[in-house]
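Structure, as structure tokens:
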Amino acid sequence: MLLIGLAGVFACLAVVATVATLSVSAIGKILATVIMAVGTALGTTVGTVVASFGATDETAACIGILVGAAAVIAGNSSIRKRIDKVKSQGHA
């Protein structure tokens with residue numbers, strides 16, 4: 001049950017991070033969409049691997065969500081830092 005709650009919290013944080021990146025600039029919209037696709041693919045892959053090791057479906061799904069959401073959060077954070085850096089240098 002704790003794992004399900006943690007996965008839900010991470011998924012919500014990933015959505016918030018994506019919305020924040022979407023509002024930064026036009027390039028942020030494109031890059032946030034790419035990061036969401038990468039996070040989804042990574043989460044699905046990790047969930048499948050965990051399931052192949054004999055974990056229950058619930059555990060595999062939760063771990064897949066956690067990994068995918070963590071990738072989305074990290075990717076969006078990195079994108080926002082890069083965009084802010086470019087804006088502060090006066091290029092955008």
Open item on the list: On the principal axes of its Cα set, how long, how wide and how thick is the chain? Give whole Å, largest value first.
Closed with: 53, 21, 15
Open item on the list: Cut-off 10 angstrom, C-alpha nodes, Gaussian network model of the chain. Which of A17, A60, A26 fluctuates the most?
Closed with: A26
TODO: Compute the relative contact order of the chain as a whole-number percentage, counting only Cα pairs closer than 8 Å that sit 6 or more residues apart in sequence.
DONE: 39
TODO: Per DSSP H run of n ≥ 4, the term is -39500 (n - 2.57); total these for the chain, divide by its residue number, and report the mean residue ellipticity at 222 nm rounded to 500 deg cm²/dmol.
DONE: -31000 deg cm²/dmol
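Where a number appears in this text, it was derived from the coordinates with a stated rule and is not lab data. Quick caveat, the model's predicted, so the values are computed rather than measured.
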